[in-house]
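The block underneath contains the structure these notes are about, expressed in structure tokens.
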Amino acid sequence: MNDVTSQAADATASSVLNSRVPEGPIEDLWDNYQASMKLVAPANRRKHTVIVVGTGLAGGSAAATLGEMGYNVLNFCISDSPRRAHSIAAQGGINAAKNYRNDGDSIYRLFYDTVKGGDFRSREANVYRLAQLSNNIIDQCVSQGVPFAREYGGTLANRSFGGVQVERTFYARGQTGQQLLLGAYSALMRQVDAGTVTMHAHHEMLDLVVVDGQARGIVARDLNTGEIRTFAADAVVLCTGGYSPVFFLSTNAVNCNATASWRCYKRGAHFANPCYTQIHPTCIPQAGDYQSKLTLMSESLRNDGRVWVPRNADETRPPAQIPEEDRLYYLEETYPGFGNLVPRDIASRAAKQVCDRGLGVGTSGFAVYLDFEEAIQRLGRDTVAGRYGNLFDMYHEITAEDPYSSPMRIYPAPHYTMGGLWVDYDLMSTVPGLFVAGEANFSDHGANRLGASALMQGLADGYFVVPATVSNYIADTKPAAVTTAAPEFAAAESGIRDDVKKLLSIKGKRTVRELWWELGRIMWDNVGMARNASGLEAAISEIQGLREEFWKDVNVPGTPDEWNKMLETAARVADFMELGEVMARDALERRESCGGHFRDESQSAEGEAQRNDADFQHVSAWEYKGPDSAPTMHKEPLHFDHVKPGTRSYK
Amino acid sequence: MASNAITVKLLIWRQSGPTAAGQLVPFTLENVLPEMSFLEMLDLLNEKLVREGTDPVAIDSDCREGICGTCGLVINGIAHGPNSGAATCEVRMRSFRDGETIVIEPFRAASFPVIKDLVVDRAAFDRIMAAGGYVSINTGSAPEANAIPVQRASAETAMDAASCIGCAACVAACPNASASLFTSAKISQYALLPQGRTEAGRRVVRMVEAMDAEGFGNCSNHGECEAVCPKEISIFNIGRMRREYLKAVL
Ligand SMILES: Cc1cc2nc3c(=O)[nH]c(=O)nc-3n(C[C@H](O)[C@H](O)[C@H](O)COP(=O)(O)OP(=O)(O)OC[C@H]3O[C@@H](n4cnc5c(N)ncnc54)[C@H](O)[C@@H]3O)c2cc1C
């Protein structure tokens, strides 16, 4: 067993991070490792408190499982009920290597697709474990009563998602995230009833408390009353989701934020690959400045919908009157192997390219058609309605247009962040005792996530990985008794009180939303779908200027001791303003294109992303160096012993 | 300013805290675009209030696409407003006329204390779920997924019930403030699936007791709940809950 404290010392002393992947054949790593783990005896588990922050797929499943094992779990979320975590909004489905369709799927193929889909920027051992656990997840969720779609014979149904040539996606209509989350929530509520989990809803974690180099608790604000409290534990599991709203407009729920991760970063947890963001190809295009979010149209639509733009930039006819020969089905033409189901990064970039060439549609010219005419002819309206009815309704509701009779208009939008806190094979960060799961960690998706794999990862982390590794950590390190009376708690708490006071005292002229909107514009223009050195440098200085303006001129109304949404949001935006800069720095430093990170300077003659494996086959993990210094970058070299890095081809 | 913009007169429930008295307060809001969502209209109002130095109206929302169940307003007397099968965040301003007065109130019920203005505390729903809204299966002990075949029709009906977003519009709309539609949707989901049958009796008894203990009223078949439900959960579920209850106690 490795020594946890010396590992942390290594991480800061040298610039190479140790992922602590056990030795052995990849197929047996996880099993062998689990067999070697230290255990906490059942009767002793209730003496150990574990804090789980977040109740999405990762947090809900981790808290429930740790509770089932007998730990004393404190679970936190910012929504009024754990059931409302952002995972609820996932639509399309969850992958697993069950091979129920007998189409050649296997654990190895899911592993291979995920490593390739991530453009060879993920850790093989973690991805292999993810593929193995995918099957256990489906078993678990079915047993919980998750009403997955079924065939007439009573077995589970599957469909396909982008970037793969098998049908391995399990789904519950267009509400897969909702049903999986309600499954995890039901398991969680069972533990609340059993007394093992104490739920703190409407509580926002605002700081991590580190005692003797180990994560030992958190500071949280009760969002109903404004009360600030501290909580102590033997380990902290962060499952607080992704940071797409750094772009202001994204497909994420409006409360998604980076605050918990960012505060942990400032307490010593390295932030990995912050620039890896996923811009999802099929979203309803932006309509105006008043918008608060963009709506995703599930990727599953690309199973039957065909993406096209008019061939001529001066086209004026309505889409239905444009004959076949004047339509450019650019994905089908350029990528005949995968057609409309190419991975997201490729589909998004292709949409941007045709729009930049002036072929885009709609009033803004920043949209492409997603057309179901052929599918309706082939399958009939009823079948199409059965598959996508709720998505069509949603589109109709928002745009007042009927996608059964004219094609949808779609455009890419920020959707998912592959970057996040750096974790080792145990999903432990560089702060011992701080574990990170779900979208909040830098995850298994490399530089691009394939559809239907975030739900899989969140649940693999939460149901299976974290409960085992946290137990092992507690058994191995035997954490000393610490209570909130330790001085580190009071210090952290008073720091947070000061922050709150400061935000409320500025009383400037700019609203929080305005400043956030401006940050989003800088990020989208310079750190969005295509990036280059001069744009990134400009972004860094613009963000610094905006941050200064924020702290001088923000207007946060109200008082600290009440429900105060603007105060909550202000603190999150302040963190986004720091994170945005580190994202730009990371993008600048990574002088290659890979997955969702596209550098204009690094492309092939056909405009495809060009990786530079010689110089950039590593994870970049940023270490906080204080408010007045630039962060430093550490590397975790990546090794590919099973999937040979090649040029990702979907042609 | 866009030519199709409208002006709306808002009458909004304001209440500074759980024990304070509340009242409807008038606001006038210009430059409202028909394509704005109802919540974007309220964002616009709050931006204006902050600039004017007035305390913004407290509302809660999250996904803004009708699935998280966070937002919930009574708009002109109807929970979630004028569109059927839609949550508050899915309502668009094209549903309102220029100059129209819009009355906005929280989801009221004795079991949902007001936190501030339009935000209420629905923790009672979580407590009902904790009383039995689950299948007792520990992580790691599940059989192979296809070892439990489920008739497609049962799976679909279970899914209809499972679509509930827990927003509490059913309670807000019910003259008795009954939580029957919410509770029965969960009971139905499990009652329809083989996985849920084993503990069906214990579940229904405990959840119904919890519902009563939280102070929700009884169902007397008004059907208002079904009419406002953003997920169009059927009132048949309440019938199924009653049958399950009788099966369990008789
Ligand atoms: C519209 C949409 C559709 C999607 N569809 C799919 C799909 O079909 N398939 C797929 O695989 N993936 C999909 N994804 C991605 C996937 O939903 C997410 O990546 C995943 O659900 C994240 O889960 P999580 O548990 O990591 O975080 P979340 O579900 O975001 O949960 C975060 C939790 O942390 C809490 N929290 C955050 N900050 C704090 C704090 N400071 N203090 C306390 N609590 C805090 C929140 O309250 C919440 O409970 C989709 C995403 C979107 C936006």
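The values are calculated or read from the model by the stated rules, or taken from the named source; none is laboratory data. For clarity, every value in this text was computed on a predicted model and none was experimentally measured. Please note: Cβ atoms are built from the backbone with ideal geometry, for glycine as well, and neighbour counts cover all protein chains shown. Ligands, DNA and RNA are excluded from the accessible area calculation, which covers all protein heavy atoms including side chains. Shrake-Rupley method; radii C 1.70, N 1.55, O 1.52, S 1.80 Å.
Out of all the residues in segment A:156-169, is one or more surrounded by fewer than 24 Cβ atoms within 10 Å (Cβ to Cβ) and either assigned to a strand (DSSP E or B) or within 11 Å of the ligand (Cβ to nearest atom) (or both)?
Yes, because at least one residue in segment A:156-169 is surrounded by fewer than 24 Cβ atoms within 10 Å (Cβ to Cβ) and either assigned to a strand (DSSP E or B) or within 11 Å of the ligand (Cβ to nearest atom) (or both).
Matching residues to (1) closer than 30 Å to A:Pro22 by Cβ; (2) surrounded by fewer than 18 Cβ atoms within 10 Å (Cβ to Cβ); (3) acidic (Asp, Glu); (4) free of Cβ contacts under 8 Å to residues at least 60 places away in the same chain:
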{"residue": "A:Ser593", "(1), (2), (3), (4)": "no, no, no, yes"}
{"residue": "A:Gln603", "(1), (2), (3), (4)": "no, yes, no, yes"}
{"residue": "A:Pro627", "(1), (2), (3), (4)": "no, yes, no, yes"}
{"residue": "A:Leu638", "(1), (2), (3), (4)": "yes, no, no, no"}
{"residue": "A:Lys644", "(1), (2), (3), (4)": "yes, yes, no, yes"}
{"residue": "A:Ser649", "(1), (2), (3), (4)": "no, yes, no, no"}
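Is there a residue in segment A:434-447 that is surrounded by fewer than 24 Cβ atoms within 10 Å (Cβ to Cβ), within 16 Å of the ligand (Cβ to nearest atom) and in contact (Cβ under 8 Å) with a residue 12 or more places away in the chain?
no
Which residue is surrounded by the most Cβ atoms within 10 Å (Cβ to Cβ), if the candidates are limited to segment A:240-249 and must be away from the ligand (no atom under 12 Å from the Cβ) and away from chain B (no Cβ under 14 Å)?
Per the criteria, the residue is A:Val246.
Determine which single condition A:Leu370 fails, assuming it passes every other condition in (1) without any contact (Cβ under 8 Å) to a residue 40 or more places away in the chain; (2) more than 15 Å from A:Arg648 (Cα to Cα).
Here A:Leu370 clears every test but (1).
Give me the pairs, please: first residue somewhere in segment A:541-558 and more than 14 Å from every other protein chain (Cβ to nearest Cβ), second residue anywhere and open to solvent by less than 30 Å² (accessible area, probe 1.4 Å) and of a type in the set (D, E, K, R), beta-carbon distance under 6 Å, and either six or more positions apart or on two chains.
Within 6 Å, the pairs are A:Ile543/A:Glu581.
Given the criteria open to solvent by less than 10 Å² (accessible area, probe 1.4 Å), within 10 Å of the ligand (Cβ to nearest atom), within 14 Å of chain B (Cβ to nearest Cβ) and at pLDDT 95 or above, does A:Asn252 qualify?
yes
For segment A:296-318, what are the residues that are part of a loop (DSSP other than H, G, I, E, B) and open to solvent by 10 Å² or more (accessible area, probe 1.4 Å)?
A:Asp304, A:Arg311, A:Asn312, A:Ala313, A:Asp314, A:Glu315, A:Thr316, A:Arg317, A:Pro318
Conditions first: (1) under 17 Å from A:Met418 (Cβ atoms); (2) within 14 Å of the ligand (Cβ to nearest atom). A:Val237 passes all but one, so which condition is the exception?
(1)
With the requirement that a residue be assigned to a loop (DSSP other than H, G, I, E, B), touching a residue at least 60 places away in the same chain (Cβ under 8 Å) and either of a type in the set (Gly, Ala, Ser) or away from the ligand (no atom under 14 Å from the Cβ) (or both), what does segment A:181-226 give you?
The answer is A:Thr196, A:Ala201, A:Asp212, A:Gly213, A:Thr225, A:Gly226.
Which of (1) more than 16 Å from the ligand (Cβ to nearest atom); (2) under 24 Å from the mean Cα position of the chain (by Cα) does A:Thr49 not meet, given it meets every other one?
(2)
Return the pair list, or none, for Cβ contacts closer than 9 Å from residues in segment A:148-171 that are over 16 Å from A:Asn99 (Cβ atoms) to residues that are part of a strand (DSSP E or B) and not hydrophobic (A, V, I, L, M, F, W, C), at least 6 apart or on different chains.
That search, which allows pairs on different chains as well, returns A:Ala149/A:Arg159; A:Gly162/A:Pro281; A:Tyr171/A:Arg159.
State which residue is farthest from the ligand (Cβ to nearest atom) when the search covers only segment A:262-280 and only residues that are open to solvent by 10 Å² or more (accessible area, probe 1.4 Å) and in a helix (DSSP H, G or I).
Out of the qualifying residues, it is A:Lys266.
Would you mind finding the one in B:Glu100, B:Glu52, B:Glu47 that is more than 8 Å from chain A (Cβ to nearest Cβ) and free of Cβ contacts under 8 Å to residues at least 12 places away in the same chain?
B:Glu52
Hey, could you check segment A:55-112 for residues that are small (Gly, Ala, Ser) and more than 15 Å from the ligand (Cβ to nearest atom) and say which is least open to solvent (accessible area, probe 1.4 Å)?
A:Gly67
Say we look at segment B:61-75 and pick out the residues that are more than 7 Å from chain A (Cβ to nearest Cβ) and more than 12 Å from the ligand (Cβ to nearest atom); which of these is farthest from the chain's Cα centre (by Cα)?
B:Ile75
Can you spot a residue in segment A:458-477 that is surrounded by fewer than 19 Cβ atoms within 10 Å (Cβ to Cβ) and not in a helix (DSSP H, G or I)?
Checked against the condition, which is being surrounded by fewer than 19 Cβ atoms within 10 Å (Cβ to Cβ) and not in a helix (DSSP H, G or I), segment A:458-477 yields no hits at all.
For segment A:290-315, enumerate the residues that are within 16 Å of the ligand (Cβ to nearest atom) and of a type in the set (Val, Ile, Thr).
A:Thr295
If you check B:Ile102 against the conditions, is it open to solvent by less than 10 Å² (accessible area, probe 1.4 Å) and within 14 Å of the chain's Cα centre (by Cα)?
no
For residues in segment A:138-147 being touching a residue at least 40 places away in the same chain (Cβ under 8 Å) and within 7 Å of chain B (Cβ to nearest Cβ), which is nearest to the chain's Cα centre (by Cα)?
A:Ile138
May I ask you to say which residue of A:Leu455, A:Leu450 is within 16 Å of the ligand (Cβ to nearest atom), modelled with pLDDT under 95 and not charged (D, E, K, R)?
Matching residue, one of A:Leu455, A:Leu450: A:Leu450.
Those residues that are hydrophobic (A, V, I, L, M, F, W, C) and part of a loop (DSSP other than H, G, I, E, B), I need them from segment B:7-26; list them, please.
Residues satisfying the conditions are B:Ala20, B:Ala21.
Return the residue satisfying two criteria in turn: it lies in segment A:394-424 and is assigned to a helix (DSSP H, G or I) and within 16 Å of the ligand (Cβ to nearest atom), and of such residues it is surrounded by the most Cβ atoms within 10 Å (Cβ to Cβ).
A:Met394
Pull up segment A:605-625, narrow it to residues that are in a loop (DSSP other than H, G, I, E, B) and modelled with pLDDT under 95, then point me to the one that is least open to solvent (accessible area, probe 1.4 Å).
A:Gly607
What pairs can you find where one residue is in segment A:88-107 and more than 23 Å from B:Thr70 (Cα to Cα), the other is of a type in the set (Asp, Glu) and away from the ligand (no atom under 16 Å from the Cβ), and their Cβ atoms are less than 7 Å apart, with a gap of 6+ or different chains?
Hits for this filter: A:Ala97/A:Asp105; A:Asn99/A:Asp105.
Go through segment A:280-329 and give me each residue that's touching a residue at least 24 places away in the same chain (Cβ under 8 Å), away from chain B (no Cβ under 14 Å) and of a type in the set (A, V, I, L, M).
A:Leu301, A:Val307, A:Val309, A:Ala313, A:Ala320, A:Leu328, listed by residue number.
Just checking, how many residues over segment A:371-388 are more than 16 Å from the ligand (Cβ to nearest atom) and open to solvent by less than 10 Å² (accessible area, probe 1.4 Å)?
Final tally of qualifying residues: 3.
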